[in-house]
Every structure is written in C-alpha cells, then in structure tokens.
Amino acid sequence: MDGAATALRRDHAARIAAAYAAEPRVAAVVLGGSTARGDADRFSDLELGVFWQEQPNEEDRRAAIARAGGDLELLYPYDAEWRAWYDAWKVGRRNGVPRTGISVESVHVTMETVEWALEGAITQHDPSDVIQLLLSALVDGVPLHGHEFLEQARTAATAYPEALARAVVERHGQIDHFWRFEMFRARDNPLLAHEAMVDIHRRVLRMLLAVNRVYFFGFKSLDAVAARLVASPPELVAHIRAAYTAEPQDAE
C-alpha cells in the first residue's frame, strides 16, 4: 500500500469529477478500484464510473477529458454486451510530456442501465458479470458527484438476496476434470496445468464472494478480495499463492 499514490490519484479524481459534473446530463460520478479502497500503488489506474441521464456521444466524452486536462488515448464504441462506453486516457503529465501520467478508465452508463442492473440482481437474480461489476461500483465506490442518486442506488443494491448468491454458486460451482492434472504432468504441459488452476481459483473466489453477499469486483488484488470474505477457509490467499510456486502435482 502506498498512501502517497492513493492521495495523488484521489486529488486527480476530484478534479476529473468536477469536469464531468460540468455537463448537466451527468447524474453522478463514482470512484472505484484501488484508489477508492485506499490501497493504490504506482501501477494503479484511476477507475471512474460516470452515470448519465441519457446516452453520451463522443463529443461529450472528449469535452470532459479536455476540461480535466487529460490526454485522450482511445474512445471505445458502445459495448452492447456490457451496456457501457469506455474511455482510456491519462492525467497528470510528467515533466509536461503528453500521455505520461496516470492511466484513467472512464466507464459510462445510463441511469436506465442502473435500473436494469438492480432489477436483474434483486428481482431476477441474474448472476452475470456485467450486473455484478456495476452494482459493486455502486456499493463500494466513493461518490464524487451526485450523492443523492448514488445513495439511493446503493441502498437498493445492498440488499444482496440469497437467491442471487445461489445463482452465482450454481454458475461457477462445477469444478471437475481433476484427472487432467495427471495428463498435464505426463505431457509436461505446465501452461495448461496452471490455466486449469486459475480457472478453479476464480470459481472458488466468485462463490465465496457470493456466499459473503459481496458483488464480484475483479481480481486485481487478492488481498482486497480476502478482506471482504468474512466466511472463508483459513489462509485462503496464502494457499492460492503457494499453488503457483509449486509443481502442478503438489498444487492439487
């Protein structure tokens, strides 16, 4: 953990939020990821969720980045699967050199999409990642603009129903084909052996998050995941890390 890295990124985030808030159609801005948790390091980017009353266009997105003094790298087109727009850019030039600052990922969604995600999770018990990640941002993010809207959405999202937890477990709970590890050893194929271990660990962690009523928020930090698991096997993360320093037959 680097307190200076977190503080620097939070300062940038506050200025960026003001740049987005200058657009009246922006309902809210939330800070997510390691900077929101307070455990950013020099590798950490800035993750921002921008909530719009209506769909933004490219000019809207470019203008906000310009107001924030950022260097645009790429505006991604609308992603229909994730119901979002993504911007990649940098802020805080080093020695005045363009595109040398902190990486920023802005994720834009509409308020209609927030309502869809809440309905999907709370009523329909949809375990899909797009819903989990969006609601995680609402529940765990740091509000920077639009506090009233975010508080209402957060209150609704906090009611993580048991049926949703069961749906997540059912989706990720089938862990089998352990015989393949013997095959990987015989074929001297550590690549596929470790790939299989990654899949198992991802499934186990997703299920544990659900059991603990925590929306999936990614695996960038295993320590951050472990901190959210009140109910968990002892020394879980230590065992996971040890698996990747052992031979596949020992890691089983």
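List of remarks:
- Residues of segment 174-185 satisfying the condition of being open to solvent by less than 100 Å² (accessible area, probe 1.4 Å) and in contact (Cβ under 8 Å) with a residue 60 or more places away in the chain: F181, F184, R185
- Cβ-Cβ distances below 7 Å connect no pair with a first residue in segment 58-74 that is at pLDDT below 95, a second residue that is open to solvent by 20 Å² or more (accessible area, probe 1.4 Å), and a separation of six or more residues or different chains.
Conditions (1) touching a His at 6+ places or on another chain (Cβ under 9 Å); (2) open to solvent by less than 30 Å² (accessible area, probe 1.4 Å); (3) closer than 23 Å to L134 by Cβ, marked per residue:
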site: R166; (1), (2), (3): yes, no, yes
site: H172; (1), (2), (3): no, yes, yes
site: R187; (1), (2), (3): no, no, no
site: A193; (1), (2), (3): no, yes, no
site: H201; (1), (2), (3): no, no, no
site: A210; (1), (2), (3): yes, yes, yes
site: L229; (1), (2), (3): no, yes, yes
site: S232; (1), (2), (3): no, no, no
site: H239; (1), (2), (3): no, no, no
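- The one condition in (1) closer than 21 Å to A40 by Cα; (2) out of contact with any helix residue (DSSP H, G or I) (no Cβ under 6 Å at 6 or more places or on another chain); (3) surrounded by 18 or more Cβ atoms within 10 Å (Cβ to Cβ) that L138 fails to fulfil: (2)
- Counting only residues that are open to solvent by 10 Å² or more (accessible area, probe 1.4 Å), touching a residue at least 24 places away in the same chain (Cβ under 8 Å) and not charged (D, E, K, R), segment 20-55 holds 12 of them.
- Those residues of segment 1-18 which are modelled with pLDDT under 95 and of a type in the set (D, E, K, R), in sequence order: D2
- Hits in segment 157-197 - residues which are assigned to a helix (DSSP H, G or I), of a type outside the set (S, T, Y) and closer than 30 Å to V109 by Cα: A157, E162, A163, L164, A165, R166, A167, V168, V169, E170, R171, H172
- Here A246, A224 are screened, and the one residue that is open to solvent by less than 90 Å² (accessible area, probe 1.4 Å) and touching a residue at least 12 places away in the same chain (Cβ under 8 Å) is A224.
- Being surrounded by fewer than 15 Cβ atoms within 10 Å (Cβ to Cβ), under 30 Å from W116 (Cα atoms) and either β-branched (V, I, T) or out of contact with any His (no Cβ under 6 Å at 6 or more places or on another chain) (or both) is a property that holds for E151.
- Out of R83, R94, sole residue that is modelled with pLDDT of 95 or more and open to solvent by 30 Å² or more (accessible area, probe 1.4 Å): R83
- Extreme residue, farthest from L222 (Cα to Cα), among residues of segment 1-19 that are small (G, A, S) and open to solvent by 20 Å² or more (accessible area, probe 1.4 Å): A18
The values are calculated or read from the model by the stated rules, or taken from the named source; none is laboratory data. Here the structure is a predicted model, which means the values were calculated and not measured. Positions of Cβ are generated from backbone atoms using ideal geometry, with glycine treated the same way; all protein chains shown enter the neighbour counts. Heavy atoms of the whole protein, side chains included, go into the accessibility calculation; ligands, DNA and RNA do not. Shrake-Rupley method; radii C 1.70, N 1.55, O 1.52, S 1.80 Å.
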